[in-house]
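Q: My questions all concern the structure below.
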Amino acid sequence: MAEPRYEEVAVGTRLPRLTHVLRRGDLVIYAGASGDFNPIHWSERAAAQAGLPTVIAHGMLTLGVALRAVTEWAGREAVLECGARFAAAVPVPDTDEGVEIVADGIVAEKLGEGRVRVDLTVRCAGEKVLARPRAMVRLS
Amino acid sequence: MALNRDFVGRTYEASATYEVCRVKIKEFADAIGDDNPIYHDKEAAVAAGHPDVVAPPTFPIVFSLSGASEALSDPDLGLNYAMVVHGEQRFEYQRPVYPGDELLCTSTITEIRDAGRNEFLTLRSDVTSTTGELVCRTYNTIVERGGAA
């Protein structure tokens, strides 16, 4: 897919939706890849001790997955800034089905010099799990 | 337990640089389910205009807390790690991260505050190359649940 050009996008331009299923094993893989071995992300017992209903996904795993909506649209090198607040935990039950992350992006602002702000909406089981998930990207 | 506010403003430098390698970038991209060839295949990355495979935008989370880990485990800070969750994260890039980069992370505790029953601690980390060039800056807020109760 051709990358979007600054002149061709408008406030309100929608990015293709991204969906991704997370299972328990994915949390273990992310723990190893990121070096975040906090046991609330793999131990039912540790999660319960921290007052959580079950094991939860790393916030950075959810954000990393969600930002693929931006990099698949604009390219990796386009991303100048990105981030989010982790508003709600993403519980990941120990099931074959796992949970589905759904990320929708929209161009929220054109900032000049080819830069646009993309606002994401990231849901799990219908609930928004990230607050102000955003990226600033530079388009050609 | 409330966190020790005396830690606000303290700066910590990682004891060693972090050397980025292709294998780690591939491992990280796999972990976020990203099969974009620019993360996995040097030839594809070069064809896309990069000098080598490139790291995904959230990759600096791998090393950006390396300077502050000692501070966060300092008993004087009073952080109960068992109750910690990630509150917020931002990245500001000067340029992408590539294999061979030797990155030094310098972290400053910029804020400690409470909200409701929770304690919030924010770190800003400057990630620089061996020549002193700023590569990216990260902002990380961790939450100690029940810490302010």
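Q: From the set of residues in the range A:16-40 that are surrounded by fewer than 19 Cβ atoms within 10 Å (Cβ to Cβ) and among the polar types (S, T, N, Q), which is nearest to A:M60 (Cα to Cα)?
A: So the residue we want is A:N38.
Q: Please tell me if A:V9 is more than 8 Å from chain B (Cβ to nearest Cβ) and either of a type outside the set (F, W, Y) or in contact with a helix residue (DSSP H, G or I) (Cβ under 7 Å, 6 or more places away or on another chain) (or both).
A: yes
Q: Among (1) surrounded by fewer than 19 Cβ atoms within 10 Å (Cβ to Cβ); (2) among the basic types (K, R); (3) facing chain B (nearest Cβ under 9 Å), there is one condition A:R115 misses while meeting the rest; what is its number?
A: (3)
Q: Take the residues of the range B:63-99 that are under 21 Å from A:L61 (Cβ atoms), without any contact (Cβ under 8 Å) to a residue 40 or more places away in the chain and not hydrophobic (A, V, I, L, M, F, W, C): which is surrounded by the most Cβ atoms within 10 Å (Cβ to Cβ)?
A: My answer is B:S69.
Yes/no per residue for (1) touching a Leu at 6+ places or on another chain (Cβ under 9 Å); (2) modelled with pLDDT under 95:
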residue: B:E92; (1), (2): yes, no
residue: B:G116; (1), (2): no, yes
residue: B:Y139; (1), (2): yes, no
residue: B:E144; (1), (2): yes, yes
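Q: Of all residues being within 14 Å of the chain's Cα centre (by Cα) and of a type in the set (A, V, I, L, M, F, W, C) in the range A:40-61, which is nearest to B:Q89 (Cα to Cα)? Just the residue, please. Give the derivation first.
A: From the range A:40-61, those within 14 Å of the chain's Cα centre (by Cα) are A:57-61; that's our starting set.
Remaining after also requiring of a type in the set (A, V, I, L, M, F, W, C): A:57, A:60-61.
Working: A:A57: 15, A:M60: 8, A:L61: 12 Å.
Taking the candidates together, the pick is A:M60.
Q: Considering only the range A:1-26, state which residues are in contact (Cβ under 8 Å) with a residue 40 or more places away in the chain, assigned to a helix (DSSP H, G or I) and over 23 Å from A:E100 (Cβ atoms).
A: Once the filter is applied, which keeps residues that are in contact (Cβ under 8 Å) with a residue 40 or more places away in the chain, assigned to a helix (DSSP H, G or I) and over 23 Å from A:E100 (Cβ atoms), the range A:1-26 yields only A:Y6.
Q: From B:D35, B:D6, B:D101, grab the single residue that is within 10 Å of chain A (Cβ to nearest Cβ) and acidic (D, E). Break it down into steps so the answer makes sense when it comes.
A: Details: B:D6 fails: within 10 Å of chain A (Cβ to nearest Cβ); B:D101 fails: within 10 Å of chain A (Cβ to nearest Cβ).
Going through B:D35, B:D6, B:D101 in turn, the sole match is B:D35.
Q: Now a separate question. So, A:R85, is that one away from chain B (no Cβ under 11 Å) and either free of Cβ contacts under 8 Å to residues at least 60 places away in the same chain or surrounded by fewer than 16 Cβ atoms within 10 Å (Cβ to Cβ) (or both) or not?
A: Answer is no for this residue.
Q: Within the range A:60-71, work out how many residues are within 7 Å of chain B (Cβ to nearest Cβ), free of Cβ contacts under 8 Å to residues at least 60 places away in the same chain and not β-branched (V, I, T).
A: Selection size over the range A:60-71: 4.
The values are calculated or read from the model by the stated rules, or taken from the named source; none is laboratory data. None of the values given here were measured: they were computed from a predicted structure. Cβ: placed from backbone, ideal geometry, glycine included. Neighbour counts: every protein chain shown.
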